[in-house]
Amino acid sequence: MVTAEDIEQRRSPRALRDFVVELKRVVRANEHERHRGIQKAGLYKEFLDEIVPLSLFALHMYPESYEIQPVLGSQGYDALVFDESGKEVDRIEMTVPHDGAATAKDARLIVGRGYGRTQVGTPGDDFNALFPYVLAACHKKAMKDYRDCSLVVAIEPMTPFISFEALYESQIEALASRMGEIQFRAKRVFLLVMPNCIWHVCG
């Protein structure tokens, strides 16, 4: 259901987000494809790890007159951004730090029995658990040259429980602050807390 041709089309920020939402809707309605998506088989890995967060970032960061072109492969960026005249104005490199082994195990459980692991903790534990993965990914990215790119680090912690919003916001600020201590070679660096919180880290 997901093809390279569809992914790499130039679209406005809204059209890119609409493409993502519609594809997710169609995939959810097909059990075979839904299971492939859960396990990030084929192009679903790129779709989930790059295109989904890219669509959220672009929607909030670029005017609707711009066009975003996702680019698959290992060329050092995941998308090109063009202004209304067709001039390239930005390149975007996405990274989604997470516990890959735990995510893969959870995916197998969901496909096999219908639900993943059960976890018990206090509010904010899931966010704190992301810190080492985010910082490790950032240090790795800092070793590369992204001076022509906007580097976007995307995470998706649980939505905060009612009355714990202040804790959630303080965790975002603390993570962005730790990221800001890293010497990136990038045009700009952003922390995207999906779906709609964007923190400008540097650049």
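Every residue, every condition in (1) within 25 Å of SER55 (Cβ to Cβ); (2) out of contact with any strand residue (DSSP E or B) (no Cβ under 9 Å at 6 or more places or on another chain), yes or no:
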| site | (1), (2) |
| --- | --- |
| CYS149 | yes, no |
| VAL153 | yes, no |
| PRO160 | yes, yes |
| PHE164 | no, yes |
| ILE172 | yes, no |
| ARG178 | no, yes |
| LYS187 | yes, no |
| LEU192 | yes, no |
| HIS200 | yes, no |
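Give the residues of the stretch 161-202 that are under 19 Å from the mean Cα position of the chain (by Cα), surrounded by fewer than 17 Cβ atoms within 10 Å (Cβ to Cβ) and in a loop (DSSP other than H, G, I, E, B), sorted by residue number.
MET194, PRO195, ASN196
With a cut-off of at least 1 residues that are among the basic types (Lys, Arg) and modelled with pLDDT under 95, name the helices (runs of 4 or more DSSP H) lying wholly within the stretch 16-113.
31-38, 100-113
For residues that are touching a residue at least 60 places away in the same chain (Cβ under 8 Å) and of a type in the set (A, V, I, L, M), tally how many sit in the stretch 62-95.
4
Return a yes/no flag: does the stretch 3-17 have any residue that is crowded, with 16+ Cβ neighbours inside 10 Å, closer than 21 Å to GLU156 by Cα and out of contact with any Phe, Trp or Tyr (no Cβ under 7 Å at 6 or more places or on another chain).
There is at least one residue in the stretch 3-17 that is crowded, with 16+ Cβ neighbours inside 10 Å, closer than 21 Å to GLU156 by Cα and out of contact with any Phe, Trp or Tyr (no Cβ under 7 Å at 6 or more places or on another chain).
Can you pull out every residue in the stretch 2-15 that is in a helix (DSSP H, G or I) and closer than 21 Å to ALA41 by Cβ?
ALA4, GLU5, ASP6, ILE7
Find the residue count for the stretch 130-178, including only residues that are among the β-branched types (Val, Ile, Thr), under 24 Å from GLY76 (Cα atoms) and free of Cβ contacts under 8 Å to residues at least 40 places away in the same chain.
So the answer is 0.
What number of residues within the stretch 67-101 are hydroxyl-bearing (Ser, Thr, Tyr) and within 13 Å of the chain's Cα centre (by Cα)?
1
For the stretch 21-31, check the following and say yes or no: at least one residue is under 21 Å from VAL153 (Cβ atoms) and out of contact with any strand residue (DSSP E or B) (no Cβ under 9 Å at 6 or more places or on another chain).
no
The values are calculated or read from the model by the stated rules, or taken from the named source; none is laboratory data. Not measured: the values here are computed from a predicted model. Glycine also receives a Cβ, built like all others from the backbone with ideal geometry; neighbour counts cover every protein chain displayed.
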